[in-house]
Amino acid sequence: QGGMRHFVSAPYLDGRALERLYVELIDAAADSIEIVSPYLNPTPRIEAALSRAQARGVAVRFVARVRLDGDLGGRLMTELNMLFVERYADRYEILEYLPESVVLHTKLLVVDGRLAVVTSANLNRRSFYHDTENGVMVLDRAFAARIRAVIDAYRAESQPATPTSYPVRPLARAILTMPE
């Protein structure tokens, strides 16, 4: 059956309900998870859910802009993205969206080609811990196919992100990998 749900998340008021939703959606995946986000700094709970999905044989794919030059906090966010690539490029397909004239601002999640999330939430800790976010979740194969077509268009203009392509600077590594 199909359906649609609008959500608004205020993590400081709702006990991080959006993070719980993402974990549940990822844990429910049987075949594939496709994520588009400019930022790749998921919460530990979302990282754990992605690892569980991958261990079940779920194909996990990302499209992102790894280098965020010109973005507010671009250097720091770039280093976080590069750490993610370094940590997970051998487990997940991670593609970098290349066109420099276009900012990748899209945030999408498609699970098993049947559920699509279009949201303001980045795949970063700030979105799940601090920011008010908004989005729609649609359970409908036809809608999910339309969102996957958008993702495929991004993929066509992307290249694989590998750790050797994106070396993390030692000082950034020391700062960004400190225990929470």
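The values are calculated or read from the model by the stated rules, or taken from the named source; none is laboratory data. If you're wondering where the values come from, they're calculated on a predicted model, not measured in any experiment. All Cβ positions, glycine included, derive from the backbone under ideal geometry; neighbour counts span all protein chains shown. Ligands, DNA and RNA are stripped out before the accessible areas are found, and what is left, the full protein with its side chains, is counted by its heavy atoms. Shrake-Rupley method; radii C 1.70, N 1.55, O 1.52, S 1.80 Å.
Check Ala121 against each of (1) in contact with an Asp or Glu (Cβ under 7 Å, 6 or more places away or on another chain); (2) modelled with pLDDT under 95 and name the one condition it does not meet. For Ala121, the failing item is (2).
Apart from one condition, Asn41 fits all of (1) surrounded by 16 or more Cβ atoms within 10 Å (Cβ to Cβ); (2) at pLDDT below 95; (3) out of contact with any Lys or Arg (no Cβ under 7 Å at 6 or more places or on another chain); (4) not aromatic (Phe, Trp, Tyr); the exception is (3). Of all the residues in the range 53-82, those that are of a type outside the set (Gly, Ala, Ser), surrounded by 14 or more Cβ atoms within 10 Å (Cβ to Cβ) and at pLDDT 90 or above number 6. Condition check for Val85 on (1) out of contact with any helix residue (DSSP H, G or I) (no Cβ under 8 Å at 6 or more places or on another chain); (2) among the hydrophobic types (A, V, I, L, M, F, W, C); (3) open to solvent by 10 Å² or more (accessible area, probe 1.4 Å): one failure, at (3). Close Cβ contacts (under 7 Å, 6 or more residues apart or on different chains) running from residues in the range 141-162 that are under 16 Å from Val66 (Cα atoms) and modelled with pLDDT under 95 to residues that are assigned to a helix (DSSP H, G or I) and open to solvent by 60 Å² or more (accessible area, probe 1.4 Å) are absent.
In this structure, is Ser32 touching an Asp or Glu at 6+ places or on another chain (Cβ under 7 Å), open to solvent by less than 20 Å² (accessible area, probe 1.4 Å) and over 18 Å from Ser127 (Cβ atoms)? When the stated conditions are applied, Ser32 passes them.
Results for (1) part of a loop (DSSP other than H, G, I, E, B); (2) open to solvent by less than 50 Å² (accessible area, probe 1.4 Å), shown as yes or no for each residue.
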| residue | (1), (2) |
| --- | --- |
| Arg126 | no, no |
| Gly135 | no, yes |
| Val138 | no, yes |
| Ile147 | no, yes |
| Val150 | no, no |
| Thr164 | yes, no |
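Scanning the range 1-59 for residues that are among the aliphatic types (A, V, I, L, M) and more than 22 Å from Phe143 (Cα to Cα) yields a count of 10.
With respect to (1) under 14 Å from the mean Cα position of the chain (by Cα); (2) touching a residue at least 40 places away in the same chain (Cβ under 8 Å), the lone exception for Leu115 is condition (1). Of the residues screened, Thr106 is not one that is open to solvent by less than 10 Å² (accessible area, probe 1.4 Å) and either outside any helix (DSSP H, G or I) or not hydrophobic (A, V, I, L, M, F, W, C) (or both).
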